Amino acid sequence: MLQYTIRRLIGMIPIIFLISIVVFTLAKLMPGDALSGKIDPLNSDPEYIEEMREKMGLNDPIHTQYFRWIGGVVQGDFGDSFIHKRDVMELIGDRLPNTVFLGFTSLMITYILAFMMGRFSGRFAYSPGDYLISGINYLALAIPSFVAALVAIYVFSFQLGWVPATGSIGSGVEPGSFEYYLSKIKHTILPALVLGTMATAGYTQFLRNDMIESSRKDYVRTARAKGTKESAIYNKHILRNSVIPIITLLGFDIAGLFGGAIITETIFTYPGIGYLFVESVNSRDYSVMMAITMMLTILTLIGNLVADILYGIVDPRIRLS
């Protein structure tokens with residue numbers, strides 16, 4: 001297992017290098033110019049702009065700019081934000097806890113709901129309850145996430161007034177106090193519910209179908225022939241084997257914690273990584289945009305590795321070497 005992990009980590013290096021070239025090239029091909037964030041609006045003299053371009057190295061050849069950027073990335077320096085006038089890593093560090101809290105909360109909602117509904121549908125397949133759950137799942141798959149977010153805001157924030165509609169913390173709340181954490185939960189619960197419930201449908205159907213397929217296998221027939229209780233058959237044999245693929249998907253959800261909340265964070269104006277990424281794209285803040293893209297790329301690669309390792313741990317038939 002250790003040798004396999006080391007080989008995979010070494011194999012990530014050329015992939016990350018190639019992706020960095022693509023990310024840098026696409027950023028430079030985008031219309032607009034991030035220099036506008038550095039220029040004084042009252043001083044738009046062409047000579048001043050050219051001087052700023054030369055000072056920032058924007059007139060250098062593209063390969064020179066790339067190697068200067070990637071050299072800083074290797075040392076953990078992604079540059080400064082043109083818009084926020086701050087170090088990129090400090091800016092991301094301020095937004096990261098919000099996204100992590102939102103992501104893990106939504107992930108817990110997804111797995112709990114998917115396990116409960118998938119287990120029920122798999123055991124009582126083709127029953128009225130199964131058809132009801134399938135209908136809810138198909139409805140969730142058909143509704144765009146931004147529509148679900150707007151409906152949730154209208155119902156739970158505007159009409160019922162249960163939770164706030166925007167932001168991540170209330171105004172005038174002292175950091176570290178009980179009211180601070182309570183306010184943070186209130187601001188996070190609605191986007192987490194939208195993000196978590198919308199992702200439940202696929203997991204539910206996956207678990208249901210796998211349980212139905214497993215219930216028809218020979219080892220289940222053998223267990224029934226031996227007189228094993230039906231509840232024990234489903235809990236110890238069918239469910240245990242069917243839940244393995246769901247567990248391995250946890251590795252892929254690592255990147256989803258950060259990248260999957262872009263639309264939800266934008267609609268709720270939730271100050272996380274996703275909302276910061278949209279801001280950086282709209283304002284041509286290339287340093288922030290490239291840093292977030294590289295971070296999501298690395299997390300995706302790590303997620304794939306974690307998924308493979310989990311698969312080998314939970315399924316004794318799989319051996320990684």
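Using a 1.4 angstrom probe, figure out how much accessible area segment 140-223 has per residue, in square angstrom, rounded to the nearest whole.
Each residue of segment 140-223 exposes 55 Å² on average to a 1.4 Å probe.
Ordering Lys236, Lys217 by how much accessible area each has at a 1.4 Å probe, largest first, what is the list?
Descending order: Lys236, Lys217.
So what does Leu2 come to for accessible area, using a 1.4 Å probe and Å² rounded to 10?
The accessible area comes out at roughly 130 Å².
Between Met89 and Phe104, 0.36 nm times their residue separation minus their Cα-Cα distance comes to what?
That works out to 3.2 nm of additional length.
Pick from Gly11, Gly118, Gly196: which is most flexible by mean-square fluctuation in a GNM of the chain where alpha carbon atoms under 10 Å apart are linked?
The residue that fluctuates most here is Gly11.
With each run of n ≥ 4 DSSP H residues scored as -39500 (n - 2.57), what mean residue ellipticity at 222 nm is computed for the chain after dividing by its residue count and rounding to the nearest 500 deg cm²/dmol? Let's see the in-between values first.
Values: 13 runs with 221 residues, N = 321.
Helices in the chain give a 222 nm mean residue ellipticity of -23000 deg cm²/dmol.
Using a Förster distance of 45 angstrom, determine the FRET efficiency expected from the C-beta separation of Gln3 and Leu160, and round it to 0.05.
Working from the Cβ atoms, E equals 0.20.
Can you give the FRET efficiency to the nearest 0.05 for Ile298 and Arg216, using r as the Cβ-Cβ distance and R₀ = 30 Å?
Once rounded, the FRET efficiency stands at 0.15.
Say the dipole of the chain comes from +1 at the beta carbon of Lys and Arg and -1 at that of Asp and Glu; which of Pro61, Ile309, Gly11 then lies farthest toward its positive end?
Ile309
Classify segment 89-314 as rounded, prolate or oblate, taking a ≥ b ≥ c as the square roots of the eigenvalues of its Cα gyration tensor: rounded when a/c is under 1.5, otherwise prolate if a/b is larger than b/c and oblate if not.
Prolate, because a/c is 1.5 or more and a/b exceeds b/c.
Which lysines, on any chain, are close to Lys55 with Cα under 19 Å apart, when same-chain ones fewer than 8 places away are left out?
Lys28, Lys38, Lys85
Ignoring ligands, DNA and RNA, please state the percent of accessible area on the chain from carbon and sulfur, probe 1.4 Å. Please report the intermediate quantities before stating the final value.
Values: 11730 of 17650 Å².
Taking all protein chains in place, the chain shows 66 percent carbon and sulfur surface.
Using bins 10 angstrom wide from zero, how does P(r) for segment 35-169 break down, in % of all Cα pairs?
P(r) for segment 35-169, in whole percents per bin: 9, 20, 22, 18, 17, 10, 4, 1.
Which chymotrypsin sites (Phe, Trp or Tyr not before Pro) does segment 67-173 hold that lie in a coil by DSSP with at most 15 other beta carbons within 10 Å? Mind showing how you got there, number by number?
On the way: sites: Phe67, Trp69, Phe78, Phe82, Phe101, Phe104, Tyr111, Phe115, Phe120, Phe124, Tyr126, Tyr131, Tyr138, Phe146, Tyr154, Phe156, Phe158, Trp162; in loops: Phe78, Phe82, Phe124, Tyr126, Trp162.
Passing sites in segment 67-173 are Phe124, Tyr126, Trp162.
Below 19 Å, Cα to Cα, which aspartates and glutamates can Lys184 reach? Residues fewer than 8 away in the same chain don't count.
The qualifying aspartates and glutamates are Asp94, Glu174, Glu265.
The values are calculated or read from the model by the stated rules, or taken from the named source; none is laboratory data. Being a predicted model, the structure only gives us computed values, none of them experimental. Note: ideal-geometry Cβ built from the backbone for every residue, glycine included; neighbour counts use all protein chains shown. For the accessible areas, the whole protein counts, side chains as well, though only heavy atoms, and no ligand, DNA or RNA atoms are used. Shrake-Rupley method; radii C 1.70, N 1.55, O 1.52, S 1.80 Å.
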